[in-house]
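Enquirer: Can you keep this structure in mind? I'll have questions shortly.
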Amino acid sequence: MIDSFIDRLACHGVVVLEITHLGSGSSGNSVVYKSDEAVFLIDCGFSTKQMEKRLSLVGINPSDVNDILITHHHADHSKSALKSAMKWGARLHSNLETAMRMGWQPITEVRTFADLDRVEINHEISVIPIPVPHNDAENVAFIISMNGQRAAYVTDLGEATDELKKHLKGCSHISIESNYDQQKLMDGPYPDSLKRRISGRGGHLSNLQTASILQEVVTPLTKSIVLCHLSEKNNAPHLAESETLMKIHDIFQGDLSISGSLGPDFTHVLGVAPSKKIRREV
Ligand SMILES: [Zn+2]
Ligand SMILES: [Zn+2]
């Protein structure tokens, strides 16, 4: 007997969204999200040529990218966004401040969103921008929703707001920056003014801050976490990973990965096969 829920799934057809970090760090950031019906990017911080190379490594034709959403105007997130969008025929989205800082023309070149405005990718996937504090930038985190499941993309922020934490709770997948190790930053080569800026409210998250946020928001629904935007000078993958695991090991049984700068290494999946989902619901 087929109930309306199954009908709805059958009607939707697509129930998984593949999430692949194409690379992450101060030299560039981009994540591709792919379902049967839509391909979209969050951030486009590499050259168009490099973006195309990295997309091809995961079997995606750049002209299949429908939408590109940009978190903020810093080059490691926005570098080739307009050029790539125009070349591939994709829609470009950012908030007005980012568009103005980039010199993008609203309507003709970029669709602007306001904080908490839902951006509809298609009939089953939408993205909500959440404002986050970051120096000299109107930065946003993104919450991607598909068929009742959610994934988060959170990078470049000095601290998490209550609003952001509220949205992170219940996410199945969380991509979040874990930028620096406090001790390494303090002992490292940067001038004091830069150290203060990185560790201040408008800077980046330390490993400890990221781990503490995750401790607050991870639930049994959280299946995968990607730590990203690690500083090459002030961090190391094992430090970021161990700090996070220390805080969440007793509440998180999922997959913890680290996105590096060199290219796509892994794919996570949001959503489940219809049969599994139906079984759980019945
Ligand atoms: Zn950045
Ligand atoms: Zn930034």
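Enquirer: Can you name the condition, by its number, that residue 75 falls short on among (1) free of Cβ contacts under 8 Å to residues at least 60 places away in the same chain; (2) away from ligand 2 (no atom under 16 Å from the Cβ); (3) surrounded by fewer than 20 Cβ atoms within 10 Å (Cβ to Cβ); (4) of a type in the set (A, V, I, L, M, F, W, C)?
Expert: (2)
Enquirer: Say whether the condition of being modelled with pLDDT under 95, more than 16 Å from ligand 1 (Cβ to nearest atom), closer than 18 Å to residue 142 by Cα and of a type outside the set (Phe, Trp, Tyr) is met by at least one residue in the stretch 170-191.
Expert: For the stretch 170-191, residues modelled with pLDDT under 95, more than 16 Å from ligand 1 (Cβ to nearest atom), closer than 18 Å to residue 142 by Cα and of a type outside the set (Phe, Trp, Tyr): present.
Enquirer: If we scan the stretch 41-58, do we find a residue that is farther than 25 Å from residue 133 by Cα, under 15 Å from the mean Cα position of the chain (by Cα) and more than 16 Å from ligand 1 (Cβ to nearest atom)?
Expert: Scanning the stretch 41-58 turns up no residue that is farther than 25 Å from residue 133 by Cα, under 15 Å from the mean Cα position of the chain (by Cα) and more than 16 Å from ligand 1 (Cβ to nearest atom).
Enquirer: Still on this structure: Do you know which residues across the stretch 134-176 are in contact (Cβ under 8 Å) with a residue 60 or more places away in the chain, within 16 Å of ligand 2 (Cβ to nearest atom) and not in a loop (DSSP other than H, G, I, E, B)?
Expert: 134, 137, 138, 139, 140, 141, 142, 153, 175
Enquirer: To continue, here is another question. Can you report the number of residues in the stretch 16-30 which are under 10 Å from the mean Cα position of the chain (by Cα) and either at pLDDT below 95 or more than 13 Å from ligand 1 (Cβ to nearest atom) (or both)?
Expert: Here the count works out to 3.
Enquirer: For the stretch 97-125: of the residues being assigned to a helix (DSSP H, G or I) and touching a residue at least 24 places away in the same chain (Cβ under 8 Å), which is surrounded by the most Cβ atoms within 10 Å (Cβ to Cβ)?
Expert: 98
Enquirer: Residue under question is residue 244, and the condition is that it be on the phi < 0 side of the Ramachandran plot, part of a loop (DSSP other than H, G, I, E, B), modelled with pLDDT of 95 or more and within 21 Å of the chain's Cα centre (by Cα); does it hold?
Expert: Spelling it out, it is not the case that residue 244 is on the phi < 0 side of the Ramachandran plot, part of a loop (DSSP other than H, G, I, E, B), modelled with pLDDT of 95 or more and within 21 Å of the chain's Cα centre (by Cα).
Enquirer: Out of everything in the stretch 59-78 that is within 15 Å of the chain's Cα centre (by Cα) and outside any loop (DSSP other than H, G, I, E, B), what residue ends up being farthest from ligand 1 (Cβ to nearest atom)?
Expert: 67
Enquirer: A follow-up question, please. Sort out which residues of the stretch 62-72 are buried (at least 21 other Cβ atoms within 10 Å of the Cβ) and more than 9 Å from ligand 2 (Cβ to nearest atom), and write them in order of number.
Expert: As a first pass, look at the stretch 62-72 and keep what is buried (at least 21 other Cβ atoms within 10 Å of the Cβ): 65, 67-72.
Listed by number, the residues that qualify are 65, 67, 68, 69, 70.
The values are calculated or read from the model by the stated rules, or taken from the named source; none is laboratory data. Keep in mind that this is a model prediction, so the values were computed, not measured. Don't worry about glycine lacking a Cβ; one is built from the backbone with ideal geometry, like all the others, and counts go over all protein chains shown.
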